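Asker: Take a look at this one; I'll ask things after.
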There are 2 protein chains.
Amino acid sequence: MGDAVDLLLDQWRRERPDVDPWPMGVVGRVSRLAKLLNRELKEFFASYGLEHWEFDVLATLRRSGPPYELAAGTLVKAAMVTSGAITNRIDRMVAKGLVDRLPDEGDRRSVRVRLTDRGLALVDEMLAPHVANEERLLAALDPRDRDHLADALRTLLASLGDTTLG
Amino acid sequence: MGDAVDLLLDQWRRERPDVDPWPMGVVGRVSRLAKLLNRELKEFFASYGLEHWEFDVLATLRRSGPPYELAAGTLVKAAMVTSGAITNRIDRMVAKGLVDRLPDEGDRRSVRVRLTDRGLALVDEMLAPHVANEERLLAALDPRDRDHLADALRTLLASLGDTTLG
DNA sequence: GTTGATAATCTCAACGTTGAGATAAAAACA
DNA sequence: TGTTTTTATCTCAACGTTGAGATTATCAAC
């Protein structure tokens, strides 16, 4: 059973036999899979009235533990976006009543972002269905394969410096 | 050696021990890895004065073989973007002299996009360095691991219906 | 050979991100 | 203490994509 990337590799081998395209077999698949998974997740989040990035912010705050509060800069690193994007996201989520923006007592440059009761209730309600949805998307892999897959991805991420959440 | 996702999984296990978060170990890593790889590739393409998407279009046309020409709709499917995005991309690449937009003789709704001589020379010049760059990004994986990784990703992609380039 | 459905592309406003710069505070150091 | 550097966030214009709608062409069936 082949995928779109198998076709792509065959085309390159025919057109440019002087180049071994194997790295595309990994990089291309990671990229396509991320895009497809994103589409599926987006549908799930939409069914709760949320954007994907909104859930990401809620989840980041939730898993940090009580008082469900982080600096804006921590959210920047966790989401791998720029500071401008986080400012925008916080604005919208404050307007929606999902988080509060609080001054940091010890450092007046910094802003604390805290889950509201509503935000906390929503993310706690969504977590189990969200994980079940992801599990569905990975159902084609048996437990051994999925563990090996996670291991290989971890190796790559670590080699690229992805070792901290901020 | 752990990565950012290991920390994330630990946090969830502590905060919500009632939910087994293992699917995040795969989905989260695919998403983060795609983002990191994209950043690296972007730098490489910029060194040739190209955007990532420009190279994608050039490469899609190049690997299709002579006459290096495809319908706009084929590019939509290959790039996994909407038709509006492809119209925009073709406009810019025509202006840059990398592709030509030609009428389809047999179907007047359709538009053919063809590599110019310059576009062909550029993508042919870039291919080997591009693959070498991707190889560098995957250097942390030995040949056996990388094959297993590609296999697992193929399984997932095929299960999600990613079986054609258009 | 009309009619209706389907298909390919283009148009365009809304949206979110980026990247550079501004602002203000904290830290480092002389 | 005063000066410089670094850090945290916000601002905002430019950019590219999306998603819905419009346009034009083809196909299927009668």
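The values are calculated or read from the model by the stated rules, or taken from the named source; none is laboratory data. Computed from a predicted model, the values in this text were never measured in an experiment. Because the Cβ atoms are built from the backbone with ideal geometry, glycine has one as well, and the counts that use them run over all protein chains shown. Heavy atoms of the whole protein, side chains included, go into the accessibility calculation; ligands, DNA and RNA do not. Shrake-Rupley method; radii C 1.70, N 1.55, O 1.52, S 1.80 Å.
Asker: Binning at 5 angstrom from zero up to the longest distance, how are the C-alpha pair distances of segment B:50-139 distributed in percent?
Answerer: All Cα pairs, binned at 5 Å, distribute as 3, 14, 26, 25, 17, 9, 5, 2, 1, 0 percent.
Asker: Can you work out the Karplus-derived ³J(HN,Hα) for every residue in segment B:32-49? Use 6.51 cos²θ - 1.76 cosθ + 1.60 with θ = phi - 60°, whole Hz, and x for glycine or proline.
Answerer: 5, 5, 4, 5, 5, 4, 4, 4, 5, 4, 4, 4, 4, 5, 4, 5, 10, x
Asker: Could you give the angle, 0 to 90 degrees to the nearest 10, between helix A:83-95's Cα long axis and the longest principal axis of the Cα atoms of chain A?
Answerer: 50
Asker: Hull surface divided by four, with the convex hull built on the Cα atoms of segment B:101-143: how many nm²?
Answerer: Hull-based average projected area comes out at 5.2 nm².
Asker: While we're looking at this one, here's another question. Treating the Cα atoms of segment B:110-166 as identical point scatterers in vacuum, please give the log10 of the normalised Debye intensity I(q)/I(0) at q = 0.14, 0.24, 0.27 Å⁻¹, two decimals.
Answerer: -0.70, -0.95, -0.99
Asker: Roughly how many percent of the accessible protein surface of the protein assembly as shown is carbon and sulfur, given a 1.4 Å probe and a whole-percent answer?
Answerer: 49
Asker: Return the whole-Å distance between the Cα centroid of segment B:13-56 and the Cα centroid of segment A:95-134.
Answerer: Value for the Cα centre distance between the two parts: 23 Å.
Asker: If you take the accessible area of A alone plus B alone and subtract the pair, what total do you get in square angstrom, rounded to 100, with a 1.4 Å probe?
Answerer: 7400
Asker: Can you give me the orientation-averaged projected area of the convex hull built on the Cα atoms of the protein assembly as shown, in nm²?
Answerer: 19.0
Asker: May I pose another question? Helix B:52-63 against the longest principal axis of chain B: what's the angle in degrees, Cα atoms only, rounded to the nearest 10?
Answerer: With rounding to tens, the tilt is 60 degrees.
Asker: Tell me, what is the per residue accessible area of the protein assembly as shown in Å², probe radius 1.4 Å?
Answerer: On a per-residue basis, the protein assembly as shown sits at 48 Å².
Asker: Mind checking segment B:40-84 for GluC sites (Glu not before Pro) that DSSP puts in a loop (not H, G, I, E or B) and that have at most 15 other Cβ atoms within 10 Å?
Answerer: Those that pass, being in a loop and sparsely packed, are B:GLU51.
Asker: Related question: Hey, what does the equivalent ellipsoid look like for segment A:1-47, semi-axes from the Cα gyration tensor as sqrt of 5 times each eigenvalue, largest first, whole Å?
Answerer: Those come to 30, 9, 6 Å.
Asker: Any idea what angle helix B:143-159 forms with the longest principal axis of chain B, computed on alpha-carbon atoms, 0 to 90 degrees, nearest 10?
Answerer: In chain B, helix B:143-159 runs at an angle near 80 degrees to the longest axis.
Asker: What are the principal axis extents of the Cα atoms in chain B, in Å, biggest first?
Answerer: Cα spread of chain B along its principal axes, largest to smallest: 62, 33, 27 Å.
Asker: Looking at segment A:10-105, which trypsin sites (Lys or Arg not before Pro) are in a loop (DSSP not H, G, I, E or B) and have at most 16 other Cβ atoms within 10 Å?
Answerer: Listed in order of number, the matching sites are A:LYS96.
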